[in-house]
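Q: The structure follows.
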Amino acid sequence: MPSFKTTIFADADAVADAVAAQVASTVKSHPQLTLGLATGKTFRQIYDRLVERFREGAFSLSAARSFNLDEYVGLPPKHPASFTAYMDDVLFRHVDLPAGAARLPSVAGGGSLAECAAYEAAIEAAGGIDLQLLGIGRNGHIGFNEPGSSFDSRTRLVALTDSTRQANAADFPEGESTPPSAVTMGIGTILEARQIVLVATGAHKHAPLQAVLSGIPDADCPASALHNHRNLHIFADEAAWSGIKI
Ligand code: GLP
């Protein structure tokens, strides 16, 4: 049975506070959970708040595990725009998640079939994802599942659209552009998470958010697959929410 809840806040700051509070309380009551982690601008603020709560002693990640949604292919391991560097910078180096317990898709082999299958197997061996944090691309992508992705897709090598590459170009040093490909968990992988927290802030997230809520599955908008999830909690701000029709 689809089941979703929406909570709307005045602005992105208030959303970040609420999402961090929700994650902290979920981890506190279930310290051995497996988290699915997202990157992107939206999540920088959320991880900042989460780190503040960690420093206040609200929770510990010492017994938890995490799997990130995606990683670019073709960047040197220490590249500042890699999602590996992002996660170290905003979260991992500030909290007590054991080093070996935090994983991102391996891209050392160029996103080979074996690497992708190993990531799926590792998620399964961990017992699946308990709480998946998710942002949304302006074209409706989730993870790096671009429009046209199959709703039962699994972790795989994907080509990024020009619009996604442009949206993320500012993360790269001058003279460099967003890589053309990435490894991402599939939509099918994401939908298997026991709980999903979807965060949408800013007017540019209005259209993809409307697609999630309309209930019409549309391959052109991967996020529309979320509508039928059994435990989806949407956190949005007024700018993304204003004018939404359910
Ligand atoms: C990215 C990521 C997604 C993220 C989305 C939105 O490139 N692969 O996981 O949710 O785009 O990012 P932002 O928060 O920067 O708008």
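Q: Could you list His229, His204 in order of exposure, starting from the residue whose Cβ has the fewest other Cβ atoms within 10 Å?
A: His204, His229
Q: Here's something else I'd like to know. Which percent of the Cα-Cα distances in the stretch 116-230 go past 18 Å?
A: When every Cα pair of the stretch 116-230 is considered, 51 percent fall beyond 18 Å.
Q: Suppose every K and R has +1 on its Cβ and every D and E has -1 on its Cβ; what is the size of the dipole of the chain about the Cα centre, in Debye to the nearest 20?
A: That gives the chain a dipole magnitude of about 440 debye.
Q: Using only DSSP helix segments of four residues or longer, with each worth -39500 (n - 2.57), what per-residue ellipticity at 222 nm results for the chain after dividing by its residue count and rounding to 500?
A: The helix-only estimate for the chain comes to -9000 deg cm²/dmol at 222 nm.
Q: Quick one: net charge around Ser177, please, counting Lys, Arg +1 and Asp, Glu -1 for every other residue with C-beta under 15 Å from its C-beta.
A: After counting each charged neighbour, the total is -3.
Q: Take the Cα gyration tensor of the stretch 1-149, multiply each eigenvalue by 5, square-root it, and list the three semi-axes largest first, rounded to whole angstrom.
A: The answer is 24, 19, 17 Å, longest axis first.
Q: Translational diffusion coefficient of the stretch 175-223 at 25 °C, 0.890 mPa s, Stokes-Einstein with Kirkwood Rh over Cα pairs, in µm²/s as a whole number.
A: Once the numbers are plugged in, D ends up at 184 µm²/s.
Q: Grab the Cα-Cα distance for Ser62 and Asp88, subtract it from 0.36 nm times how many residues apart they are, and report the gain in nm with one decimal.
A: Value of the extension gain: 7.8 nm.
Q: Additional query: Normalised by the number of residues in the stretch 203-246, what is the relative contact order in percent for Cα pairs under 8 Å and 6+ residues apart?
A: Contact order relative to length: 47 percent.
Q: Compute the distance in nm between two label points, each set 7 Å from the Cα along the Cα-to-Cβ direction, one at Gln166 and one at Arg103.
A: My value for the distance between the label points is 3.6 nm.
Q: So, in nm, how far is label Ile246 from label Ser214 when the simple model puts each one 7 Å beyond its Cα toward the Cβ?
A: Placing both labels 7 Å beyond Cα along the Cβ direction yields 1.8 nm.
Q: Using 1/(1 + (r/R0)^6) with R0 = 22 angstrom and r between the beta carbons of Ala159 and Ala125, what's the FRET efficiency to the nearest 0.05?
A: Efficiency for this residue pair is about 0.15.
Q: With the contact rule set at Cα under 8 Å and sequence spacing of 6 or more, what percent relative contact order holds for the chain?
A: It comes to 26 percent, rounded to a whole number.
Read the figures in this text as sums done on the coordinates, not as results from a lab. Note that the structure is a prediction, hence the values are computed from the model and not measured. For neighbour counting, all protein chains shown are included, and Cβ atoms are generated from backbone atoms with ideal geometry for every residue, glycine included.
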